[in-house]
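Below is one structure, written out as structure tokens; the observations come after it.
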Amino acid sequence: MSDDHTRVQEFFTERAAGWDRRFPDDGPAYAAAVAGLGLREGARVLDAGCGTGRALPPLRAAVGPSGTVLGADLTPAMLREAVRAGRDRDGTLLLTDVSALPLRPGSLDAVFAAGLIAHLPHPAGNLRELARVVRPGGVLALFHPLGRAALAARQGRSITPDDLRAEPNLRPLLAGSGWHMTSYVDEDARFLTLAVRTG
């Protein structure tokens, strides 16, 4: 396992047990972001970096019983919390790295990724891997329940020009990774970027 993966696992393992208690009011923001994907009954969707699975219930509601919902995460402790919360009933949990997903090319209609981009060691390559498993015309949602400024304030830091989630940085990153950005919202109450799989 690379040092990057080890650091991510250590960070989230330490926080897994109390993760949902730290952010108890995020449910409506997750539901609204999932609605932005425009999923249909029977769609196939991945929650990449699913953590404790907070997006799995709204994803299941969006695709219905005939759809497929997968939750992938690198940290076993986060997936254990997802099971403890009963969210494994809404989707199949996969202990895996989003840089090498055990999925066929074009097998998904959409990817939902909450807070993931900040933890990707190789964003361009990792976004290409997400593009690989999504069909052309499929959708990617990069989401955070806080906008960039609000998140920086919570963490006691300033936004810098090299912030990966800034539109001038994110748009070309997505374009070079097989995605076309279709919308960008960065408000205090949420960050949501939607992109369509090209090709």
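The values are calculated or read from the model by the stated rules, or taken from the named source; none is laboratory data. Owing to the predicted nature of the structure, the values given are computational and were not obtained by experimental measurement. When we count neighbours, we look across all protein chains shown, and the Cβ atoms used for this are built from the backbone with ideal geometry, even at glycine. Please note that ligands, DNA and RNA were not included when accessible areas were found on the heavy atoms of the full protein model with its side chains. Shrake-Rupley method; radii C 1.70, N 1.55, O 1.52, S 1.80 Å.
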Subject >> Of all DSSP beta bridges in the chain, antiparallel share, percent nearest 5 >> reply: 45 percent
**OP:** Mind giving me the nanometre distance, one decimal, between the label points for Glu10 and Ala149, set 7 Å out from Cα along Cα→Cβ?
**Re:** 3.5 nm
**OP:** Using θ = phi - 60° and the Karplus relation 6.51 cos²θ - 1.76 cosθ + 1.60, list the HN-Hα couplings for region 98-112 in order, rounded to whole Hz, with x at every Gly or Pro.
**Re:** 5, 7, 8, 6, x, 10, 6, x, x, 7, 10, 9, 7, 10, 10
**OP:** About the Cα centre of region 1-151, how large is the charge dipole given +1 on each Lys and Arg Cβ and -1 on each Asp and Glu Cβ? Please answer in debye to the nearest 20.
**Re:** 280 debye
Original post:
Given H placed on each backbone N at 1.01 Å, which residues far from Gly138 in sequence or on other chains put an amide H within less than 5 Å of it?
Top reply: Arg197
Subject >> Where trypsin sites (Lys or Arg not before Pro) in DSSP loops with at most 13 other Cβ within 10 Å are excluded, longest remaining stretch of the chain >> reply: 41-156
Subject >> Carbon and sulfur %, accessible surface of the chain computed with the full protein complex present, 1.4 Å >> reply: 54 percent
**OP:** Kindly write out, for region 180-192 in residue order, the coupling ³J(HN,Hα) from the Karplus curve 6.51 cos²θ - 1.76 cosθ + 1.60 (θ = phi - 60°), rounded to whole Hz, with x marking Gly and Pro.
**Re:** 10, 5, 10, 7, 9, 10, 9, 10, 4, 7, 5, 10, 8
**OP:** For the chain, set up a Gaussian network in which alpha carbons nearer than 10 Å are linked by springs, and say which option among Phe112, Phe11, Phe143 fluctuates the most.
**Re:** Phe11
Subject >> CD proxy at 222 nm, helix term only [per DSSP H run n ≥ 4: -39500 (n - 2.57); per residue of the chain; nearest 500] >> reply: -10000 deg cm²/dmol
Original post:
In whole Å, how far is the Cα centre of region 171-187 from that of region 48-122?
Top reply: 21 Å
